Amino acid sequence: MSAVTAVPAAANAAALAHYAARLAFETDVSDVAADLAAGEPGIVVVDSRSLESWRQGHIQGAVHLPTAEIAARAAEVVPAHVTVVTYCWGPGCNGATRAALEFARLGYPVKEMLGGFEYWAREGLPVETASGAARRPVDPLTAPVTGAACAC
């Protein structure tokens, strides 16, 4: 028996609802990078990690707002009308999910960035560090090394 089809795929209507909902809750590093590069005014990227983590490296243009401070400080650093994109370390961390929940509690439209800071850096996107801006070489397991988009 097939391990894949032992549980049948969802009915089409359920699949449509599920995948549309995922896209309403999540975005990825490529889409966030494209919006930041284009100067898209409709989003604010929020790094929810600790100050030590922020100083180690963060997405250029992101706002530093640790999860524990969101309820108290969100209104002073994030306009109410924008979509908030949260990120934390990476896929092994649920910090971005916790931050997204806090923003949702405050009434902000919010999405979680899949892959977090780890995949941002691994895809060779610009990172701000204490030493200034930097880019790591692209990890060929996460993105095309040619500089071309994955076009997915």
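Figure legend. Inter-residue proximity from region 120-137: first residues closer than 13 Å to Arg55 by Cβ and polar (S, T, N, Q), second residues open to solvent by less than 70 Å² (accessible area, probe 1.4 Å) and part of a loop (DSSP other than H, G, I, E, B), beta-carbon distance below 8 Å, spacing 6+ or different chains. Indicated pairs: Thr129/Gly57. Scanning region 58-102 for residues that are assigned to a helix (DSSP H, G or I) and polar (S, T, N, Q), we see that the one that is nearest to Thr129 (Cα to Cα) is Thr67.
Exactly one residue out of Leu125, Leu114 is under 12 Å from Glu26 (Cβ atoms), open to solvent by 10 Å² or more (accessible area, probe 1.4 Å) and touching a Ser or Thr at 6+ places or on another chain (Cβ under 9 Å), and it is Leu114.
Looking at region 1-35 only, could you name the residues that are in contact with a strand residue (DSSP E or B) (Cβ under 7 Å, 6 or more places away or on another chain) and either open to solvent by 60 Å² or more (accessible area, probe 1.4 Å) or assigned to a helix (DSSP H, G or I) (or both)?
Phe25, Val29, Val32, Asp35
Taking residues in region 74-93 that are within 13 Å of Val45 (Cα to Cα), and partners anywhere that are basic (Lys, Arg) and in a helix (DSSP H, G or I), the pairs with Cβ atoms closer than 9 Å and at least 6 places apart or on different chains are Thr86/Arg98; Cys88/Arg98. Consider region 36-54. How many of its residues are open to solvent by less than 60 Å² (accessible area, probe 1.4 Å) and either under 23 Å from Glu69 (Cα atoms) or acidic (Asp, Glu) (or both)? Number of matching residues: 11. Mind listing whichever residues of region 55-64 are closer than 17 Å to Thr83 by Cα and either open to solvent by 40 Å² or more (accessible area, probe 1.4 Å) or not β-branched (Val, Ile, Thr) (or both)? Matches in region 55-64: Gly61, Ala62, His64.
Suppose we filter Ala100, Ala71, Ala134 for residues that are aliphatic (A, V, I, L, M), over 23 Å from Ala21 (Cβ atoms) and open to solvent by less than 60 Å² (accessible area, probe 1.4 Å); which single one remains? Full working, then the answer.
Details: Ala100 fails: over 23 Å from Ala21 (Cβ atoms); Ala71 fails: open to solvent by less than 60 Å² (accessible area, probe 1.4 Å).
Of the residues listed, the single one that is aliphatic (A, V, I, L, M), over 23 Å from Ala21 (Cβ atoms) and open to solvent by less than 60 Å² (accessible area, probe 1.4 Å) is Ala134.
The values are calculated or read from the model by the stated rules, or taken from the named source; none is laboratory data. None of the values given here were measured: they were computed from a predicted structure. Note: ideal-geometry Cβ built from the backbone for every residue, glycine included; neighbour counts use all protein chains shown. Accessible surface is based on the protein model in full, side chains and every heavy atom, while ligands, DNA and RNA are left aside. Shrake-Rupley method; radii C 1.70, N 1.55, O 1.52, S 1.80 Å.
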